[in-house]
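Before I ask anything, here is the structure I am working with.
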Amino acid sequence: MMDINKIWSIVVGESNEADKQLVLAEIEQDKEAQKVYNELKNIWALLSSTKEMPLAEANEMYSRFKKQLPSASNNRRMSLGSLFKYAAIFILGVMITSLSVYLTERKGWMGSDKEFIQTVVADKGQISKVILPDSSVVWINSGSKITYNSKFARNNRKIDLVGQAFFHAAHNEKIPFVVDVNGFLVKVLGTKFDVNAYSGEKNIRVVLESGRVELCQSSNHDFKYTLSPGEMATFNLEDKKLTIDKVKPELFSSWKEGVLIFRDKPMTEVLDELQRRYNIDIEVKDHDIYKSVFTARLSDEPLDKVLKSMEFSCSLKATIIRDPQKTDSALKVILSKP
């Protein structure tokens, strides 16, 4: 088998273009090397999947990971099982705790040709970032998750989404990048876009920042629309109607930088976003509060400051309820008229 260090170098992006093409050509001739290449890309995705860690720091972690492995002369024929043993030890050692990653075995385990599912979850109160095996980058909003299978970037680039995520899809003309929300499909070759599809909501929203995306349905082959930059598509799950609006994409993707922007936003939508972002439960005592709209730009402000702003601009009273007996439970906020 070929030298694993060569494969590491192209996965982490340390090789120049000429060397990369030579190594890829060598991988194509070696089935075992193909397996190692694909599994190493999954390891790299795990190492670089974190809420706040910049890519440079993740790259440094990867370098530290390589140093903990046996010398090159000993690891050229390292088995995949050994490789993942070292990876697991290293990942536990650096304690990447801001992101929940679950590997669910379907028919086998890593190192085989059988399929398993990887799920990446951003809990309420968190924003997570993951680099996929094809080098695409995904920001996952609070209370959301994505899933993809072990053959991702090999024969498919399909992501299942529940909640909201922003995608920077790497360009690949041979394998389109597909986001699936219960049969509503967003297909791209390489672009930047936001998909909002939280469970229980009646609309799926797609906002395109750059490139082009195609909207379609797995159950209706006649349904097809090509979205252009600066457009927002809203698909109603009840009447199956699609509406297109011109928008400023940054207003819908600023959340991935920790910023919430509300522009005369209906209170029902504001409360939903605040509950996810701050991991709180909100109870509305007076339904007239739902008639309000809210305008604000929130950049990692503490909850009490946000509530004070809402009290001032929306003529309401916010009360925070803390249960000392349940330190791990979400805070409860009661909204009423003053």
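No lab work stands behind these numbers, since they all come straight from the coordinates. Note that this is a predicted model, so its numbers are computed, not measured. Note: ideal-geometry Cβ built from the backbone for every residue, glycine included; neighbour counts use all protein chains shown.
Can you tell me which of 239-251, 277-289 comes out highest on packing, and rank the rest after it, using the mean Cβ neighbours within 10 Å?
By packing density, highest mean first, the sequence is 277-289, 239-251.
Also, quick follow-up: In whole angstrom, how long is each semi-axis of the equivalent ellipsoid of the range 166-310, when you take the square root of 5 times every eigenvalue of its Cα gyration tensor and sort them from largest down?
31, 18, 13
Taking the mean number of other Cβ atoms within 10 Å as a proxy for protection, how do you rank 132-143, 224-235 from highest to lowest?
The densest-packed peptide leads the list: 132-143, 224-235.
Using per-residue counts of other Cβ atoms within 10 Å, averaged over each peptide, order 199-205, 217-223 from highest down.
Highest-to-lowest ranking by the protection proxy: 199-205, 217-223.
Given a Förster radius of 25 Å and the C-beta distance between D30 and K151 as r, what FRET efficiency does 1/(1 + (r/R0)^6) yield to the nearest 0.05?
Once the sixth-power term is evaluated, E becomes 0.85.
Under the definition of Cα pairs under 8 Å and six or more residues apart, what whole-number percent is the relative contact order of the range 179-338?
Once divided by the residue count of the range 179-338, the mean separation gives 15 percent.
Could you tally the net charge around K265, taking each other residue with its Cβ under 12 Å from the Cβ of K265, Lys/Arg +1 and Asp/Glu -1?
Overall, the nearby charge balance is -2.
Taking other Cβ within 10 Å of each residue's Cβ, how do I4, I146, I320 sort, fewest first?
By the 10 Å Cβ count, ascending: I320, I4, I146.
Please work out the Cα convex hull volume for the range 258-336 and give it in Å³ per residue.
Looking at the range 258-336, the number lands at 83 Å³ per residue.
Let me ask you something else. Taking the simple approach of a point 7 Å from Cα along Cα-to-Cβ for both L242 and N172, what is their distance in nm?
2.4 nm
Could you compute the net charge surrounding V247? Neighbours are other residues with a C-beta less than 15 Å from the C-beta of V247; K and R count +1, D and E count -1.
Spelling it out: positives minus negatives among the neighbours equals -1.
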